[in-house]
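Asker: Handing you this structure, nothing more for now.
The values are calculated or read from the model by the stated rules, or taken from the named source; none is laboratory data. Since this is a predicted model, take the numbers as computed values, not measurements. Note that we place each Cβ from the backbone using ideal geometry, even for glycine, and neighbour counts take in every protein chain shown. Areas reflect the complete protein model, heavy atoms only, side chains present, ligands, DNA and RNA absent. Shrake-Rupley method; radii C 1.70, N 1.55, O 1.52, S 1.80 Å.
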Amino acid sequence: MVLYRIYLLVVSALVMLAALQASAQTAFSEKNILYHYDPDREITVTGKTLKAGKDWVLYLELSLNQPKAELKDYFFVFELAAGYDSKTKTRVDTAAIQEFYIGEKDQSHFFQISIGDVQDHHLLILQVLSNFSSMEYWYDFPLREHYFHGIHLADAESRLPALHNFISLEHPIDVLSQREVTGFLYKSPFPAADPPMLTERAGAPKGLDLDSVFSILPGAQVKFSSEGLYFLQEDTTTLSGVSFRAEDPFYPKQATLSSLIPPLIYITTRKEFQSLNKPGLEKKDFDQFWIDLTGSPNRAQTLIRNYYRRVEEANALFTTYKQGWKNDMGMMYIVFGPPDEVVRSQESEVWYYLESRDSPRMRYTFVKAGNIFSPEQYVLVRNSRFEKSWMRVVDLWRKARIGI
């Protein structure tokens, strides 16, 4: 048994060495990172960078999605690169990763990792090697001066970093900063994304109506009581700040009838959507609509379950200044499902869908169009030729022929 364990350790070490040698010759833009959006992914990695003086710090959350997986099954390698196309990378000496471990919550493990002074490097690359599955996973964290905002959010109950772009209403949050923070609240709802064949569309939010301004003392604990977009700044003379959405405690799920209706805009006709979106709609009316559409309660149930599973995943993956299902990536994810291939470069991300019985091979390009609230926001490059594939897949949804 001892010899067998030694054999496993040697094999694992050789696999890791081979992966590290390969990584030194490959740019991030050459990687297929489809696992970022796979609903059955082995791990989920969420991270945010913060600059302290000249040095950068990465706050990292590693969620283990397989019941039998353990933290000891994963090995981290950090590298710095000039950009996404660079094959020349510098290894970051982070010693034993356990030294940066700061806690766990449920199946998520949290780290605070010192990166140091990056100088001419603008991209932090994380490679996760899994002994659990013998797979390797890649994640990118841009290091840009204008991202620095001096504010760090933490869950007041667990004291762990709050790294997602949404928090729950009335949940206590520690706002950690060196100076007093000015907060801005925007309650206005944002529109859902336009279908991919509509080439004329509204861009990023302009001239938002400001609902309130408030102050937060350094280190104060806050409960955000109104749904909407929040923007926090230490210095209001700059464009730098931290933003997040405050949503009901069920989010990223759509758990109320009023929240179930809006995401259906992508697969209903205008008349159907207006009928569903009218005041006073009851649950029985909602259910009957889908029974009439699909022809049976079982098919209606399948359609509803599959659709809202994707809506939930889109919210978890793509929430920025607006809910994830409303973003271009969220819309495409809901309707077409997770892509078969994903390639990310400095200013764009390309999704590929393989040819199937119901659809040809498809390619969709998202370009980076960041704004003050979401520097990494992506928008779809629309084209009228997408109409045929869009209508075909929407028709499959309406016939309850799409699942996950």
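Asker: For the cross-link pairs Lys278/Lys326; Lys368/Lys399; Lys31/Lys187; Lys54/Lys89, which exceed 28 Å when the distance is taken from alpha carbon to alpha carbon?
Answerer: Too far apart for the 28 Å limit: Lys368/Lys399; Lys31/Lys187.
Asker: In angstroms, what radius of gyration and Dmax does the range 292-399 have, counting Cα atoms only?
Answerer: Over the range 292-399's Cα set, Rg and Dmax evaluate to 15.1, 48 Å.
Asker: Can you return the lysines within cross-link range of Lys72? Criterion is Cα-Cα under 21 Å, with same-chain partners fewer than 8 residues away left out.
Answerer: Hits, sequence-local ones excluded: Lys105.
Asker: Next question. Kindly give the semi-axes, whole Å and largest first, of the ellipsoid equivalent to the range 174-267, taking each as the square root of 5 times a Cα gyration tensor eigenvalue.
Answerer: 30, 19, 10
Asker: Exactly which trypsin sites (Lys or Arg not before Pro) in the range 273-362 are in a DSSP loop and have at most 15 other Cβ atoms within 10 Å?
Answerer: Arg357, Arg361
Asker: Keeping all protein chains in place, calculate the accessible area per residue for the chain (probe 1.4 angstrom), answer in Å².
Answerer: 50
Asker: Any chance you could list P(r) for the chain, counting all Cα-Cα pairs in 20 angstrom bins from zero, rounded to whole %?
Answerer: Once binned at 20 Å, the Cα pair distances of the chain give 24, 56, 19, 0.
Asker: When the helices in the chain are scored as -39500 (n - 2.57) per DSSP H run of 4 or longer and the sum is shared across all residues, what 222 nm value do you end up with, to the nearest 500 deg cm²/dmol?
Answerer: Per the formula, -7000 deg cm²/dmol.
Asker: Could you give the length gained by full extension between Phe286 and Met391, i.e. 0.36 nm per residue of separation minus their alpha carbon distance, to one decimal place?
Answerer: 35.5 nm
Asker: So, one more: Counting only protein heavy atoms and using a 1.4 Å probe, what share of the accessible area of the chain belongs to carbon plus sulfur, as a whole percent?
Answerer: Heavy-atom surface of the chain belonging to carbon and sulfur, 1.4 Å probe: 52 percent.
Asker: Taking the full set of protein chains and a 1.4 angstrom probe, give the accessible area of Ser226 in square angstrom, rounded to the nearest 10.
Answerer: It works out to around 30 Å².
Asker: If I take all pairs of Cα atoms in the range 265-327, what percentage of them are more than 13 Å from each other?
Answerer: So the portion of pairs separated by more than 13 Å is 69 percent.
Asker: Which of the helices in the chain meet the span-like rule: DSSP H, Cα axial reach of 15 Å or more, Kyte-Doolittle mean at least 1.0?
Answerer: TM-like helix candidates: 2-23.
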